[in-house]
Amino acid sequence: MVDPLLQSILVGISIILLATLSYLVLKKKIRERDSFLWYMLLFLLLFFSVFYKLTDYISHVFKIHYSLSLFFLLGILALFILGFYHSYKISKLTNKLTELTQQVALLNCINRPADEVKKNKT
């Protein structure tokens, strides 16, 4: 059985994080598309905080002796998923930036007057 104080703290943290995330989405600090995974994780945290016996049951099924360790395990897995997702997005944005830089360089070369090109060669 879980301590009611610990359960209250987990529920409180979940609600505070949900409110913070909602505020950041409303202020356009985080895009809605990027906040979807965070919302899912926070609702799961809130759900398992309220229905702690379900957490005990899942811990027992996976032979985890201390049910709070399940929270840590799920948190670490969620952070790995977020890390891979952000690495994917960064790689994609880097490729776009390289392509845009090359296009700007080509456009500058094409739009430059012929006299200016001759001056730079001498």
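Every number in this text was worked out from the coordinates using simple rules, so none of it is lab data. Just so it is clear, the structure is predicted and the values come from calculations on it, not from any experiment. So basically every Cβ, Gly included, is an ideal-geometry build from the backbone, and we count neighbours across all protein chains shown.
Overview of results
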| read-out | value |
| --- | --- |
| Residue list for region 21-47, restricted to those being among the hydroxyl-bearing types (S, T, Y), surrounded by 12 or more Cβ atoms within 10 Å (Cβ to Cβ) and over 17 Å from G75 (Cα atoms) | S22 |
| Where a residue in region 44-62 is under 22 Å from G12 (Cβ atoms) and its partner, wherever it lies, is of a type in the set (F, W, Y) and assigned to a helix (DSSP H, G or I), with Cβ under 6 Å and at least six apart | T55/F48 |
| Pairs, first outside any helix (DSSP H, G or I) in region 25-37, second of a type in the set (D, E, K, R), C-beta under 7 Å, six or more apart | none |
| Answer residue from region 55-95, given it is of a type in the set (S, T, Y) and more than 20 Å from the chain's Cα centre (by Cα) and is surrounded by the fewest Cβ atoms within 10 Å (Cβ to Cβ) among those | Y66 |
| Tally of residues being assigned to a helix (DSSP H, G or I) and surrounded by 10 or more Cβ atoms within 10 Å (Cβ to Cβ) across region 106-116 | 2 |
| Boolean, S14 is surrounded by 14 or more Cβ atoms within 10 Å (Cβ to Cβ), in contact (Cβ under 8 Å) with a residue 60 or more places away in the chain and farther than 27 Å from I90 by Cα | no |
| Total residues in region 1-11, condition surrounded by 11 or more Cβ atoms within 10 Å (Cβ to Cβ) and assigned to a helix (DSSP H, G or I) | 6 |
